[in-house]
Amino acid sequence: MPLTFPLTRNAAPASTERIAEIHADPGFGAYFTDHMAVATWRQGSGWGGDGVVPYAPFQLDPSCAVLHYAQEVFEGLKAYRHADGSIWLFRPERNAQRLQASSRRLMLPELPVEDFLASIEQLVRVDAAWTPAAVGGEASLYIRPFMFANEPFLGVRAAQRVTYSVIASPVGPYFPGGVKPVNIWVTDEYSRAGKGGTGAAKCGGNYASSLIAQYEGAAHGCSQVLFADAGTGVNTEELGGMNIMVITAEGELITPALTGTILEGVTRDSILTVASELGLRPVARTITLAEIFDRVDSGDIIEAFACGTAAVLTPVAEFRSRQGNHAVGSEPGERTLQIREAILDLQYGRAEDTHGWLRRVV
Ligand SMILES: *Cc1c(COP(=O)(O)O)cnc(C)c1O
């Protein structure tokens, strides 16, 4: 039986004025809508207990498995309001499939794609007023589906009770003052993911383990961290929460090939598709850090950027490491901005959806 997420209305929803106030300065992930979607999976009976209910804290038993063994996976996508007021999702089936893949890796149950879509669509419809107009072209409703082992039991095993939920948060443009390149710390001390590990799964544990490198980077004036492969430390992998791409003077767009330790970004995939339409040659292959640094220094790599749902494309100003710095440019590159606009134009319905990537909700 497909889940329908019946609504239990919040008796005290935010006023129109309050929502307008939040939309004026939303930040990122600071305010949440009036409702949340929930569903429970139980060994034997499967998924049920679904609903869209008033946003409220969970009550968890102190022995709840996720608090001890980190059995948790999540997703991140956005709802975009188009100029005519309609609200759309961008390739949400991809997120549904990725959540299933992440769940398999963490021994959590798979949520059917249609149930994933239903949970998000129902929540976005109910809280439609929370999806901001595209101020400056980039405000949206950030959607966070997640799932965790919610079983009061300290034994280490696949949980027999699991909670799935979706919360939503209005977000403004990632770069309110205009797109600004950031410095990237290339850590040689920490790894994000190892062979056979959880690198390709979107799980909280990966983020917890990358935090220390994030702080190491901050101490070197960097706002993001780039990780190499854990085995050799030679090959470029990705950032803590974004994929990495570089553009050569000859018009190649290079990104590390998926190895099982890299998270397969929806933005990454979309850019690889859009790039060829913009006259670039997309290439997914193994690329060493040394190649990037040498070609940045020789002026052969002219642009570099990180990509993910939250910031879309973040240009790289400089790669910094203990061995030295490699400056790409203090202004965003022309191609980077072009790709960024192309993706945003699709998401906000300003360009024709030739790939069938948009899904209307409201
Ligand atoms: C979510 C995530 C990305 C980006 O994925 P998108 O689908 O483009 O948002 C990249 N790397 C990691 C580690 C991530 O968790």
Of the candidates 196, 177, the one satisfying the condition of being modelled with pLDDT under 95 and not assigned by TED's automatic domain parsing to the domain that holds residue 99 is 177
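Of the residues 354, 309, only one is out of contact with any Gly (no Cβ under 6 Å at 6 or more places or on another chain) and either outside the structural domain of residue 124 (by TED's automatic domain parsing) or buried (at least 19 other Cβ atoms within 10 Å of the Cβ) (or both); which? Steps first, answer last, please.
Values: 309 fails: out of contact with any Gly (no Cβ under 6 Å at 6 or more places or on another chain).
Within the list 354, 309, the selection yields 354.
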For region 313-323, does any single residue satisfy the condition of being within 17 Å of the chain's Cα centre (by Cα), within 16 Å of the ligand (Cβ to nearest atom) and surrounded by fewer than 20 Cβ atoms within 10 Å (Cβ to Cβ)? no
Checking residue 171 against (1) within 18 Å of the chain's Cα centre (by Cα); (2) touching a residue at least 60 places away in the same chain (Cβ under 8 Å); (3) more than 16 Å from the ligand (Cβ to nearest atom), which test does it fail? (3)
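Which residue, of 5, 58, is in contact (Cβ under 8 Å) with a residue 40 or more places away in the chain, not assigned by TED's automatic domain parsing to the domain that holds residue 136 and not charged (D, E, K, R)? Write out each step before concluding.
Details: 58 fails: not assigned by TED's automatic domain parsing to the domain that holds residue 136.
Residue meeting the stated conditions: 5.
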Within region 284-306, residues in contact with a helix residue (DSSP H, G or I) (Cβ under 9 Å, 6 or more places away or on another chain), closer than 21 Å to residue 332 by Cα and of a type in the set (A, V, I, L, M, F, W, C) come out as 301, 302, 304, 305
Which of the residues belonging to region 184-221 are under 24 Å from residue 328 (Cβ atoms), charged (D, E, K, R) and within 11 Å of the ligand (Cβ to nearest atom)? 192
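Every residue, every condition in (1) away from the ligand (no atom under 15 Å from the Cβ); (2) buried (at least 21 other Cβ atoms within 10 Å of the Cβ); (3) under 15 Å from residue 188 (Cβ atoms), yes or no:
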residue: 223; (1), (2), (3): yes, no, no
residue: 229; (1), (2), (3): no, yes, yes
residue: 236; (1), (2), (3): no, yes, yes
residue: 246; (1), (2), (3): yes, yes, no
residue: 254; (1), (2), (3): yes, yes, no
residue: 263; (1), (2), (3): no, yes, no
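Look through region 265-288, keep the residues that are within 16 Å of the ligand (Cβ to nearest atom) and not in a helix (DSSP H, G or I), and return whichever of them is farthest from the chain's Cα centre (by Cα). Before you say what the answer is, go through the steps one by one.
Of all residues in region 265-288, those within 16 Å of the ligand (Cβ to nearest atom) come to 265-275, 282, 284.
Subset that is not in a helix (DSSP H, G or I): 265, 282, 284.
Details: 265: 7, 282: 21, 284: 20 Å.
By that ranking, first place goes to 282.
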Conditions first: (1) closer than 24 Å to residue 255 by Cα; (2) in contact with a Pro (Cβ under 7 Å, 6 or more places away or on another chain). Residue 172 passes all but one, so which condition is the exception? (1)
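The values are calculated or read from the model by the stated rules, or taken from the named source; none is laboratory data. Everything quoted here is computed from the prediction, not taken from an experiment. Counting neighbours? That spans all protein chains shown, and the Cβs are built from the backbone with ideal geometry, glycine included.
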